[in-house]
Amino acid sequence: MIGVYREFEGCMRLMGHVLRRLRVLALPPVTEALARQIYFTGASATAGMVLRGAFLGTLIIAYVIDVLEANSALAVRILLWVVLREIGPLMAAVLVIQRSGTAIATELALMQISGEVASLRRMRIDPRDYLVVPRVVGVALSTAALTFYVQVIAVGGGMLLSALTIDASLGQLADDFFVLASPVDFVYSMIKSLLFGVAIAVICCYHGLHPPGVSINAVPKAAINAVTQSTLLVMLLNVVFAYLVFGQAFFGLVTAKV
Amino acid sequence: MTHADPAARSDPASRQSIYAQVALGYEPPADRGEDRIWIPTGGSHRVAGLSDARKASLLSAVLDLKPEPGAGLVLLGLEIDGLDAAERAALRARVAFLPAGGGLLSNLNAWENIVLPLGFHTPERLRGAAGEVDALLKELGADPHGLLAKLPERMSAYEKKLAGYVRILLESPELVLVEDLRGGLDAAGRAGTAGFFPTYQARCPGGTFVQLEASPGV
C-alpha cells in the first residue's frame, strides 16, 4: 500500500515538474527530443491504424444494419457514439501503451541502470527536463493525433466499406453522419486522448526512471509495471470522463443523478 | 574546510587568502582516517590510489556540492559551507567531470553528445559550435568527419573519452576532474590522451586539471 502511494506521489511530482518546466521545450536539445517522440509515437504508428480503423467502422455498421436490422441513421449514431467517444481514444491509447509506453519505460530504465541519467546530472542537466518533459508532451500530442486518425478512418472507411459490402448507401450514411455528428464529441475525445497520453507518458517515465533494482532484470520489470499501471489508469480515466460528461459509466450501469 | 587544514585555525581573512590558492580541497570525515586532498589552483595534478568508495565520496562532494557529514570542501577558493543555493549553482558551473567511459548518451551521436550541455546552458552558442568542435578535435588529433556522426556503440574507448572531453572543453571550466584518464585504452589511445591537458591549458589558461586514478601514484 505504501508502495502504491509512493508511486502515485512520484507520478504526481513528475507531472508537476512537467507543468512547471514546459518552457524547456524551447531549448534546442529538448525540441529535438520532442520532434523524435512525436515522430515515433504519432507518425510511424499510423500505418497499422488504417486497416484496423476501417475494419472497425465497417464491422460496427454491418453489425448494426445486418444483424440488428436497423436503419443507416441508427448505424451511424452507434458508430459516432462508439468510435468517436470511446473506441477511438481507447484504441489510440492502447496502441501508444504497446509501442511507446514500453519503449519509454525500457529506454529510461536502461539509461538509469547504465549511469546515463547520472551523466546528465553531472552535466548540470535535470534528467526530468531532458527525458520526461518532451516525452510527456510528445506522447500527449501524438495520442490526440492518433485518436483523430482512428476516428476519421473508422468513420470514413467504415461508411465507404459498408457501402461496398452491405446494402447501405454511402450518401445516406454520410447525410446521417453530418446531421448527427456534434463538435462536442470531437472536443470530448480530443481532451480525453490528451489526458490519456499524459497519463501514459508520466507513468512510463516514472517507472523508467525508478526501475526496481540496478541489474538488467529491472528493465523488463519496469516495463511491465509501466504497461500494467498505464492501462489501468487509462481505463479508469475513461470511466471517470464518461461519468462526468455524459452522466453514465460502465455502459449505463452507473448513471449520474441530476 | 573545518578540520585539519592549516587555514581552519587562522582568522577568516587569512583563511580566505589561503583558500584563494586552492582549486580543490577535500577533508574526509575525521573517523575515516583518510588523507585529505589539497590541490592548488592551476596546472595538471594527479590524485592516485583512490578506492572506489573514496572516489565516489569525493565526486559526490564536488559534483553535487554535498560533502558527507563531517567532511569539508573548498572548491575554486570558496568554502562550500558558507554558500547559498545560487552561489553553489554558479560555482558548480565552473567545474566539469569526465567519467572513465566518457559519459555519453547511447542514443545520441558524438556531435549531439558534444553539444548537449551547450544546448541547455548556452543555446546561443550553438550556432558557432560546429567550427569550434572541429578545431578542438583536430587539435586533439582526431578526424571530425569520421567521429561526429558515430553513435557511442560504434566508438572506440578513446573516441568516447575524446567526445566527452571536447564536450567539457566547450564549456571552458576552471576545474576539470578526469576519472582514470588512461584506463581501458590501447597504446594509441593512451598516446592520444597526452594532448588533453595542453589543449585545456591553451583554452583555459590558469585552469586546473585533476586526474583521479585508482592505481597507486607514480
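What follows draws every value from the coordinates through simple rules; no lab data is involved. Bear in mind that the values here come from a model prediction, so they are computed numbers and not experimental data. Note: ideal-geometry Cβ built from the backbone for every residue, glycine included; neighbour counts use all protein chains shown.
Pop out the Kirkwood hydrodynamic radius of the range B:98-212 from its pairwise C-alpha distances, inverse of mean 1/r, in Å to one decimal.
Radius from the Kirkwood sum: 14.0 Å.
How much net charge surrounds A:R124 when only other residues with a Cβ under 10 Å from its Cβ are counted (Lys, Arg +1; Asp, Glu -1)?
So the surrounding residues net to +1.
Averaged across the residues of A:115-123, what count of C-beta atoms belonging to other chains lies within 10 Å of each residue's C-beta?
The mean count of partner-chain Cβ atoms within 10 Å per residue comes to 6.
Residues with beta-carbon under 10 Å from that of B:L73, excluding B:L73: net charge, scoring Lys, Arg +1 and Asp, Glu -1?
Computed value for this residue: -3.
Please report how many Lys pairs in the protein assembly as shown have alpha carbons closer than 17 angstrom, counting only residues at least 8 apart along the chain or sitting on separate chains.
Lysine pair count for the protein assembly as shown: 6.
Based solely on its DSSP helices, what 222 nm [θ] is calculated for the protein assembly as shown when runs of n ≥ 4 H residues each add -39,500 (n - 2.57) and the sum is averaged over all residues, nearest 500 deg cm²/dmol?
-17500 deg cm²/dmol
Give me B:H121, B:H145, A:H210 ranked fewest to most by other Cβ atoms within 10 Å of their Cβ, as a rough exposure proxy.
Ranking B:H121, B:H145, A:H210 by Cβ neighbours within 10 Å, fewest first, gives B:H145, B:H121, A:H210.
Note down the net charge around A:T106, summing +1 for each Lys or Arg and -1 for each Asp or Glu among other residues with Cβ under 12 Å from its Cβ.
That works out to +1.
How far, in degrees from 0 to 90, does helix A:170-180 lean away from the longest principal axis of the Cα atoms of chain A, to the nearest 10?
Value to nearest ten degrees: 70.
If you rank B:V176, B:V95 by fewest surrounding Cβ atoms within 10 Å, what's the result?
Going from sparsest to densest Cβ surroundings: B:V95, B:V176.
Can you sort A:V30, A:V83, A:V76 so the residue with the fewest Cβ neighbours within 10 Å comes first?
A:V30, A:V83, A:V76
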